[in-house]
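Heads up, the thing below is written out as structure tokens.
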Amino acid sequence: MTDPARWPTPWVRAALDLAVLASLVEGRLHGYAIAQALAEHGFGLLKGGSLYPVLNRLEEAGDVEAAWTEGQGGPGRREYELTATGRDRLERDLGSWRELGETLTTMSRGTTHG
Amino acid sequence: MAEETPIPATVDAYEQARGEELDGRWAFAVSWRLLMKEVDARLVDEGLREALELVRETGESPEELFGSPGVYAAELFEKWRSEGRLNPAAVKVPAARSLIASSLKASGWIAFIMFVLELVGGRDLQVGIFALPLVLGFATIGGVAFWEWASRAWATALVVSAMTAATVGIAATTVVVLEATSGTSLGALTPWLLLLEAAVLWSAGTVVLILVTAKTFGEVQDDPDDEQWVRRFSGVLRGAAWQSDARVREIVREARSHAAESGRTLAEEFGPPDSYAMTYGVDVRRRTTLKIAFYAVLVALNLVPMVDGFSWATTAVALFFTWQAWKEYRTYDRSRSRAQVAS
């Protein structure tokens, strides 16, 4: 039922805040839709117990905003939207991740010690 | 029996790690809660040491890293319970303790209400009045428990008859006790002794309740249905995490909405209610506000009798509550400052 993640769990956990922010770049989404977007991108289908603490943390930090939308006969949905602060953070943190990747690539090519 | 455990040394290590006395108090509070649930002392020490490592690594307070002592103790308890590391005594607590705990706490509240009424009314009451909170507390909680049990097994008329008979019996006994102690007034001491009685009963109820929590964990964690899950989850959020009713409703509504879309139960989607509730942390601001408001009411209640004349005893009690309120505010202010520095 749960799609396995493309990367090891500790990596997914480390990148989760950023992945959630990235999933909201194209517009507002509710929790379950965010989980599906993450699954589509190889993060595995996250359960609510892992996703909502992240959303709560991002909301407290002002990176996302949430608002209820009434469902048709359903219990309604709480939709999340990226804030300006969240966009800044996403850009900044993505830069750091790229830098980390580049550093690892450089290191893996090896350096010759005389 | 009096085998030495390394817990005191670990508590000291907390104080030394960042040079904060508060950290030692946090560790002590965690250990006390777990030991009261009959968790093995060595296991408690292991849990404390794990947390201490992170405190040393990050330089942050244990409260910021792991939440309040109650939250962290409950988290450790649940983790060890699911790993099967708890001794049977820590998991199985007789259900009767739950009733005793609730009855003691109810008695404490009744004694406190009587204390307030006595302060305002200023009547002269006999010694037998001190039995009243216990009688009323145990009768109320016992009555509710009896109703829940008997109404499933007996005809309603029989249950009502039994409860009516019990009420008449309790009332008659109370009247006899009050009659027997008429003319034994404690005068001006009465209200303060009632307050003392309230504190003792309430504290005793809390201690027993901590023991009972073990049973509640054991009961609910295995395979709760959605309603059991929500009850337990909401209870932990409102209680240990000090979240407001509005916030709890919102979190529960969102969890239900998510579970409905995923087609799974709340337990399957979010895991054990206690562990999930703890991820939301403690609403420190709300906890501080409510505690300070509580102390303010106690101060006001103490100042009311001063209208009739100055009293050193009343002033001392009012100052004690004011000091408690100030301590609450200082704790909050420190944690807020640390959070600002960290961000």
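The values are calculated or read from the model by the stated rules, or taken from the named source; none is laboratory data. These figures come from a predicted structure and were not determined experimentally. So basically every Cβ, Gly included, is an ideal-geometry build from the backbone, and we count neighbours across all protein chains shown. The area values use the complete protein model at the heavy-atom level, side chains included, leaving out ligands, DNA and RNA. Shrake-Rupley method; radii C 1.70, N 1.55, O 1.52, S 1.80 Å.
Mind listing the long-range amide H neighbours of A:H30? Cut-off is under 5 Å, sequence gap 5 or more, other chains count too, H placed in the peptide plane at 1.01 Å from N.
Here A:Y80 satisfy the definition.
Give me the one-decimal nm value for the distance between modelled label points at B:E57 and B:L178, 7 Å along each residue's Cα-to-Cβ direction.
6.3
Using the Cα centre as the reference, give the magnitude of the dipole from point charges on the C-beta atoms of chain A (Lys, Arg: +1; Asp, Glu: -1; all else neutral), rounded to the nearest 20 debye.
On the way: 12 positive and 16 negative charges, 76 e Å.
The calculated dipole for chain A is roughly 360 debye.
Once the piece of chain linking B:S244 and B:E227 is laid out straight, how much longer is it, given 0.36 nm per residue of separation minus the C-alpha distance between them? Provide the component values of the computation, followed by the final result.
Values: separation 17, 0.36 × 17 = 6.12 nm, distance 1.96 nm.
Roughly 4.2 nm would be gained on extension.
Relative to the present Cα-Cα distance, how much length would full extension add between B:V135 and B:T315 at 0.36 nm per residue of separation? The partial results should precede the final answer.
Working: separation 180, 0.36 × 180 = 64.80 nm, distance 3.18 nm.
Going from the current span to full extension adds 61.6 nm.
Modelling each spin label as a point 7 Å along the Cα-to-Cβ direction, I'd like the A:W11/B:L196 distance in nm, to one decimal.
Going from the A:W11 label point to the B:L196 one covers 6.8 nm.
Sort A:W11, A:W68 from largest to smallest accessible area, using a 1.4 Å probe on the heavy atoms of the protein chains.
Working: A:W11 160, A:W68 65 Å².
Largest to smallest exposure gives the sequence A:W11, A:W68.
Within 10 Å of each Cβ in A:49-61, how many Cβ atoms from other chains are there, averaged over the peptide? Don't skip to the answer; put the middle values down first.
Values: counts 12, 5, 3, 9, 6, 1, 1, 5, 3, 0, 0, 2, 1.
What the average comes to for A:49-61 is 4.
Just to make sure I understand: if all protein chains stay in place, what is the order of B:R256, B:R287 by accessible area at 1.4 Å, largest first?
Details: B:R256 85, B:R287 35 Å².
Largest to smallest exposure gives the sequence B:R256, B:R287.
According to a simple spin-label model (label point 7 Å from Cα along Cα-to-Cβ), what is the distance in nm between B:K327 and A:L100?
Rounded to a tenth, the inter-label distance reads 4.3 nm.
Any idea what Rg and Dmax come out to for the stretch A:9-104 if you just take the C-alpha atoms, in Å?
In order Rg, Dmax, the Cα atoms of the stretch A:9-104 give 13.8, 52 Å.
Taking only Cα atoms of the stretch B:7-91, what ratio of Rg to Rh do you get with Rh as the Kirkwood inverse-distance radius?
Numbers: Rg = 12.2 Å, Rh = 12.6 Å.
Expressed as Rg/Rh, it is 0.96.
Return the sequence-ordered ³J(HN,Hα) values of the stretch A:89-103 in whole Hz as given by the Karplus equation 6.51 cos²θ - 1.76 cosθ + 1.60 applied to θ = phi - 60°, using x for Gly and Pro.
For the stretch A:89-103, the Karplus-derived couplings read 5, 4, 4, 5, 5, 4, x, 5, 5, 4, 4, 4, x, 5, 4 Hz, x marking Gly and Pro.
So if each residue of separation counts as 0.36 nm, and I subtract the Cα-Cα distance between B:R285 and B:R49, what length gain in nm does that give?
Details: separation 236, 0.36 × 236 = 84.96 nm, distance 2.82 nm.
So the extension gain works out to 82.1 nm.
Quick one: ranking B:F294, B:F130 by accessible area, 1.4 Å probe, largest first, what do you get? Write out the running numbers ahead of the final one.
Details: B:F294 95, B:F130 35 Å².
Greatest to least solvent exposure: B:F294, B:F130.
Select from the stretch A:1-70 those trypsin sites (Lys or Arg not before Pro) which occupy a DSSP coil region and have at most 13 other Cβ atoms within 10 Å, ordered by residue number.
On the way: sites: A:R6, A:R13, A:R28, A:K47, A:R57; in loops: A:R6, A:R28, A:K47.
Listed in order of number, the matching sites are A:R6.
Give the calculated FRET efficiency between A:T85 and B:E64 to the nearest 0.05, with a Förster radius of 25 Å applied to their Cβ-Cβ distance.
Once the sixth-power term is evaluated, E becomes 0.70.
Shielding by partners for B:262-270, please: the mean number of other protein chain Cβ atoms within 10 Å of each residue's Cβ. Intermediate results must be reported in sequence, preceding the final value.
On the way: counts 8, 1, 3, 0, 2, 1, 4, 8, 7.
If you average over the peptide's residues, the count of other-chain Cβ atoms is 4.
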